[in-house]
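Please read the structure below before turning to the comments.
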Amino acid sequence: MNLIDALEDLRARFEDALKNSAGADSLDAVRVAFLGRSGDVTAVRRSIGKLPPAERPAAGQRINEAVEKMERALNEAQAKAEAIEVGASLSQRIDVTFPSIPPQQGSIHPMKRVMHDVCAYFERHGFAVVVGPEIEPDYYNFDALNIPPEHPAREGFDSFFLTPNLLLRPHTSPMQIRTMQQHRPPVAVVVPGTCYRRDAVDARHLYQFNQCEGLLVDEGVHMGHLKGMLTGMCRELFGSEQQVRFRPSYFPFTEPSAEVDTTCPLCRGAGGECRMCGGSGWIELGGAGMVHPNVLRNVDYDPDVYSGWAFGFGVERMALVRYDVDDIRRFFENDDAFLEQLA
Ligand code: DAH
């Protein structure tokens, strides 16, 4: 066989072998069989010796070209085989149809959610949401709300004083004054906000807590409007059967004044052994009443023309009831599992 035929024969057998090899291992075998020290190429190279010296360089070059081609083909096949093998091993370990681990997601804190829902309810009824400073002078916190300096009600607020005249607000009512100073009637606002009192911490009390205040002033406003709005709010927050009851009470800034209760959402008013309401069937939400004429005078509203109602409810109290939690402190321990349950 002359050299050209021998190389052609080699090429054909090599391509066959390549085609029939599966995987990196059998490609290695092909490499050894053709290009190895005692492989077929070596045998062809040896045959050069039988050629006349003048033909040898050209023959050597042909063989080298053939070897280069084979090496290139082998390398390509090897790369392909490796890629397939890596893919196969990966797909054994990663089941892409398996449900992924969802990223941890935050949620709105239950306290904020209650505040938001109260505000959303009043906004839908035409009220504006306003917020005010947490540090207030005496004047907004007491005097303008008809609590003059020597009034015993000041004691009841157990306030943190920063200076003799400045305090951390113990209620959101000062925003009634600020709002009425800035706007002529009609005014309709709801005020969510943080308040502070020197209270010992227990299952029902914190020294930092939240209130939602409401204020409506216009001509012809009466207590029936108040009861209607609060009943609607309680039904939205706690369920469609909620009732609201007013118990006579006293606040310097309202006359008449009331404590507001709603049907206990746990026993639905049945009472008995209910641990939420202690058997009364009612849950207290906070205070309310008709804005005192002195308060209206303090902001230059004529009490003979205008009347208004106001209320101030504890947000923590509403959250305890809504989520059936027995200790207010649970809300502020940042216990993910607890908060997730309520999300
Ligand atoms: N500010 C009162 C408190 O924190 C609650 C309150 C009572 C607010 C009657 C009102 C109201 O707006 O009319 O104890």
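The values are calculated or read from the model by the stated rules, or taken from the named source; none is laboratory data. Owing to the predicted nature of the structure, the values given are computational and were not obtained by experimental measurement. Heads up, the Cβs are rebuilt from the backbone with ideal geometry, glycines too, and the neighbour counts pull from every protein chain shown. Please note that ligands, DNA and RNA were not included when accessible areas were found on the heavy atoms of the full protein model with its side chains. Shrake-Rupley method; radii C 1.70, N 1.55, O 1.52, S 1.80 Å.
Is the C-alpha gyration tensor of segment 203-257 telling us rounded, prolate or oblate? Criteria: a/c under 1.5 is rounded; beyond that, a/b larger than b/c is prolate, otherwise oblate.
Details: a/c = 1.80, a/b = 1.15, b/c = 1.57.
Oblate, because a/c is 1.5 or more while a/b does not exceed b/c.
Loop-located GluC sites (Glu not before Pro) in segment 36-83 (DSSP state other than H, G, I, E, B) with a sparse environment of at most 13 neighbouring Cβ atoms within 10 Å are absent. Karplus-derived 3J(HN,Hα) values for segment 310-326, using 6.51 cos²θ - 1.76 cosθ + 1.60 with θ = phi - 60°, are 8, 8, x, 10, x, 6, 4, 4, 5, 5, 4, 6, 5, 9, 6, 10, 9 Hz; glycine and proline are entered as x. The alpha carbon gyration tensor of segment 3-90 gives principal lengths a ≥ b ≥ c with a/c of 1.5 or higher and a/b greater than b/c, which makes the shape prolate. Highest GNM mean-square fluctuation among ARG198, ARG13, ARG330, for the chain modelled with Cα contacts below 10 Å: ARG13.
Does segment 166-248 come out rounded, prolate or oblate, given a ≥ b ≥ c as the square roots of the eigenvalues of its C-alpha gyration tensor, rounded meaning a/c under 1.5 and, failing that, prolate meaning a/b above b/c? Oblate shape, in that a/c is at least 1.5 and b/c is the bigger or equal ratio. Look at where the Cα atoms of segment 255-288 and of segment 289-343 average out, and the two centres are 15 Å apart. Look at where the Cα atoms of segment 1-42 and of segment 185-244 average out, and the two centres are 90 Å apart. Taking amide H atoms as placed 1.01 Å from N in the peptide plane, the amide H of GLY269 lies under 5 Å from those of CYS264, each 5 or more residues away in sequence or on another chain.
222 nm [θ] for the chain, helices only, -39500 (n - 2.57) per DSSP H run of 4+, per residue, to 500?
Numbers: 12 runs with 147 residues, N = 343.
Calculated at 222 nm, the ellipticity per residue is -13500 deg cm²/dmol.
Across segment 246-255, rounded Karplus estimates of 3J(HN,Hα) from the backbone phi angles (6.51 cos²θ - 1.76 cosθ + 1.60, θ = phi - 60°) give 9, 10, x, 8, 9, 9, x, 9, 9, 7 Hz, Gly and Pro being marked x.
For segment 231-273, trypsin sites (Lys or Arg not before Pro) meeting the loop criterion (DSSP other than H, G, I, E, B) and having at most 16 other Cβ atoms within 10 Å: ARG268.
Select from segment 25-133 those trypsin sites (Lys or Arg not before Pro) which occupy a DSSP coil region and have at most 16 other Cβ atoms within 10 Å, ordered by residue number. Before the final figure, lay out each step's value.
Numbers: sites: ARG31, ARG37, ARG45, ARG46, LYS50, ARG62, LYS69, ARG72, LYS80, ARG93, LYS112, ARG113, ARG124; in loops: ARG37.
Here the trypsin sites (Lys or Arg not before Pro) that fit, given the DSSP loop and packing criteria, are ARG37.
Accessible surface of the chain, 1.4 Å probe: 52 percent of it comes from carbon and sulfur atoms. If you bin all the Cα-Cα distances of the chain at 10 Å, starting from zero, the percentages per bin are 5, 19, 20, 12, 5, 3, 4, 6, 7, 9, 7, 4, 1, 0.
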